[in-house]
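Structure first, commentary second.
What follows draws every value from the coordinates through simple rules; no lab data is involved. Since we're looking at a predicted model, the values are computed, not measured. As a convention, Cβ positions derive from the backbone with ideal geometry for all residues, glycine included, and neighbour counts pool all protein chains shown.
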Amino acid sequence: MTYSFDQREGLFWMGGDIFETVNPAQPDTVAGRYGETRTEDLDTVFALARKAANEWAATPGLQRQALTEAWLNLIEDAVEGIAHAITLEMGKTLGDARGEILHSLKEARFAVAEASRPIGEVMPSARAGLRNMTMRRPRGVIVASTPWNYPVLTPLRKLAPAFAHGNAVILKPSEVSPAAACLMAELAVGFFPHGLFQIVFGAGRVGAAITGHPGADGVTFTGSVATGKAVYAAAARNLAEVQLELGGKNGIIVHDADDLDACIDEVVAGALENGGQRCTGISRVLVQRKLAGAVEEGIAARMNRVCVGNGMEAGVEMGPMASQAHFRRVEAAIAAGGTEGARRVTGHSNKAGPGYFIRPTLFADVTPGMSLAREEVFGPVLSMLTYDSIDEALSILNSVDYGLSAALYSNRNDVVQRFVTEAGAGMLHVNHQSSIDANMPFVGIKYSGVGAPSIGRSAINFHTTEHAVYIKS
Ligand code: TXE
């Protein structure tokens with residue numbers, strides 16, 4: 001099956017050059033066919049979005065939330081079809097694709113419920129006869145550019161709170177895996193004003209044009225640091241609000257564990273989930289020296305057992321890398337690790353078929369200065385470093401530019417206290433890997449994020465503007 005969608009004003013903008021997506025497990029198979037959005041159409045796209053945003057903002061809040069919820073229910077009914085699209089274009093297993101959609105729906109429902117909570121406060125006044133209030137309004141037109149690794153989760157994380165709080169969205173899904181977002185957009189027809197949810201297609205050229213368009217009131221982006229900086233600069237030209245969720249070089253410190261086997265299970269799960277193509281994926285394990293032998297052996301044994309293959313097939317636990325470009329990036333990072341002197345413990349053969357497969361790869365003897373310890377690989381590649389004291393562990397953990405998530409295994413209160421106070425990351429996990437709940441803020445510091453988190457209670461700061469109201473009777 002090849003996904004294709006028609007140009008539809010107010011929904012899909014694809015009047016330009018044709019581009020195709022492929023199945024990364026079988027790269028000679030075309031998975032989807034799309035037309036790039038013509039930049040000369042963008043003024044129309046933004047004008048339609050503005051009109052729809054105004055109409056939607058005037059719709060009572062609880063009605064907006066009910067309509068958004070009704071759309072989410074249709075997505076839930078369509079889980080199988082959307083999961084198929086995710087696996088076909090991006091490669092993850094069907095089970096993981098279903099899991100992605102179901103988790104996204106939990107986040108989305110939390111975001112919708114949040115929009116029915118207080119949107120202002122009454123404040124005391126300094127002056128007689130005045131009533132002071134704060135209140136919030138929808139931000140307006142939101143531009144969203146999303147990556148290929150979670151074709152439903154990342155768009156929905158931006159769309160659901162935006163709609164529930166009263167905004168219009170112009171979404172550019174990744175050129176690698178746009179089908180799932182298109183299926184969700186088709187399901188939205190009839191619930192929202194014409195033009196409230198529009199999709200544009202293409203890569204960096206279209207991304208730059210929408211994020212720098214003067215019609216954007218807010219720009220939300222998930223992707224690499226380099227592109228994030230370009231998006232920040234583009235949005236700054238119009239002083240649009242930004243929300244950037246960028247990469248990570250997430251570490252897990254193994255200090256002590258009552259059950260070391262369970263701890264190693266979590267480390268490996270954290271490293272390999274979504275083929276390691278996860279911004280919160282564990283890519284460094286920092287092990288107290290006396291545990292290093294047991295941890296290395298345990299990780300290697302588990303990695304060697306993983307069944308890598310076509311995500312459509314039963315029994316497969318990890319699919320291919322999402323694209324040829326990304327496969328090459330991961331291969332280059334593995335090669336650099338070898339050149340810099342790290343010891344490759346697993347993953348010697350990458351060949352599980354004609355697709356973009358990389359076997360789970362563990363490097364030991366990694367030192368903090370190596371590229372494997374500093375740069376995001378975004379694949380099933382785990383670097384093991386050792387340390388002698390918790391001071392040293394925290395110093396290594398914090399020595400990278402990124403600050404997305406960090407984890408610690410320890411039952412010592414003093415070590416846990418230091419970790420939650422000093423670890424340089426937005427999301428902190430004690431005695432489990434970096435797995436998240438649907439009601440918590442998704443937050444990065446340092447190079448991993450700018451602006452309000454996209455989920456959790458503080459997301460309202462991106463999706464609305466705050467106003468100070470003084471009423472004199
Ligand atoms: O990312 P890009 P790429 C990291 C990961 C990966 C590396 C490169 O380390 O190896 O980035 O991946 C769109 N304005 N992450 O090249 O370029 C682009 O079309 C607006 C981590 O795929 O950031 C795509 O839709 N948008 C990350 C999206 O940005 C632009 C997820 C991501 O592409 C644009 C993905 C522009 N000027 C990669 N240029 C995470 N945090 O989860 C491109 N895009």
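Specify, per residue and in Å³, the volume enclosed by the convex hull of the alpha carbon atoms belonging to the range 343-473. Could you put the intermediate results ahead of the total?
Numbers: hull volume 24.0 nm³, N = 131.
That works out to 183 Å³ per residue.
Taking the Cα centre of the range 250-438 as origin and charging only Cβ (+1 Lys, Arg; -1 Asp, Glu), how large is the dipole, in debye to the nearest 20? With only Lys, Arg, Asp and Glu charged at Cβ, the dipole is about 640 debye.
Checking a compactness column here: for the range 372-444, what do you get for Rg(Cα) / (2.2 N^0.38 Å), N being the number of residues? Intermediate results must be reported in sequence, preceding the final value.
On the way: Rg = 12.6 Å, N = 73, 2.2 N^0.38 = 11.2 Å.
Here the answer is 1.12, to two decimals.
Using alpha carbons only, how many angstrom separate the centre of the range 402-430 from the centre of the range 172-246? About 33 Å separates the Cα centre of the range 402-430 from the one of the range 172-246. Farthest towards the positive end of the charge dipole of the range 250-438, among the residues SER323, ASN250, GLY403, is the Cα of SER323, using unit charges on the Cβ of Lys, Arg, Asp and Glu. According to the calculation over all Cα-Cα pairs in the range 1-156, the P(r) per 5 Å bin from zero is 2, 7, 11, 14, 17, 15, 13, 8, 4, 3, 2, 2, 1, 0, 0 %.
What longest range of the chain stays clear of loop-exposed GluC sites (Glu not before Pro) (DSSP non-H/G/I/E/B, at most 14 other C-beta within 10 angstrom)? List each step's numbers first, then the result.
Working: sites that count: GLU9, GLU313.
The reported range is 10-312.
Scattering from the range 250-438 was approximated by placing one identical point on each alpha carbon and applying the Debye formula without solvent; log10 I(q)/I(0) at 0.16, 0.18 1/Å stands at -0.93, -1.18. Ratio of Rg to Rh for the range 9-73: 1.17 [Cα atoms; Kirkwood radius as inverse mean 1/r over pairs].
Using the Cα centre of the chain as the reference point, and only Cβ charges (+1 on K/R, -1 on D/E), how large is the resulting charge dipole? Debye, rounded to the nearest 20.
Details: 41 positive and 49 negative charges, 255 e Å.
With only Lys, Arg, Asp and Glu charged at Cβ, the dipole is about 1220 debye.
Give me the angle, in degrees from 0 to 90, between the Cα long axis of helix 42-57 and the longest principal axis of the Cα atoms of the chain, rounded to the nearest 10. It is inclined by approximately 70 degrees. Pairs of Cα atoms nearer than 8 Å and 6+ residues apart set the relative contact order; for the chain it is 18 percent.
The trypsin sites (Lys or Arg not before Pro) of the range 324-388 that DSSP puts in a loop, and whose beta carbon has at most 16 other beta carbons within 10 Å, are LYS351. Each Lys or Arg adds one and each Asp or Glu takes one away; over the other residues whose Cβ falls under 13 Å from the Cβ of ALA179, this sums to -3. Would the range 40-83 count as rounded, prolate or oblate if I go by the C-alpha gyration tensor, calling it rounded below 1.5 in a/c and otherwise prolate when a/b exceeds b/c, oblate otherwise? Cα axes put the range 40-83 in the oblate bin. What the Cα atoms of the chain give is an Rg and a Dmax of 22.9, 77 Å. Oblate is the label for the range 172-221, because the ratio a/c of its alpha-carbon gyration tensor axes (a ≥ b ≥ c) is 1.5 or higher and a/b is not greater than b/c. Net charge within 14 Å of GLN324 by Cβ-Cβ distance, Lys/Arg positive one each and Asp/Glu negative one each, not counting GLN324 itself? Here the count lands on -3. The alpha-carbon atoms of the range 111-228, seen along their principal axes, cover 60, 34, 24 angstrom, with the largest extent given first.
Dipole magnitude for the range 243-343: about 480 debye, using +1 per Lys or Arg Cβ and -1 per Asp or Glu Cβ, origin at the Cα centre.
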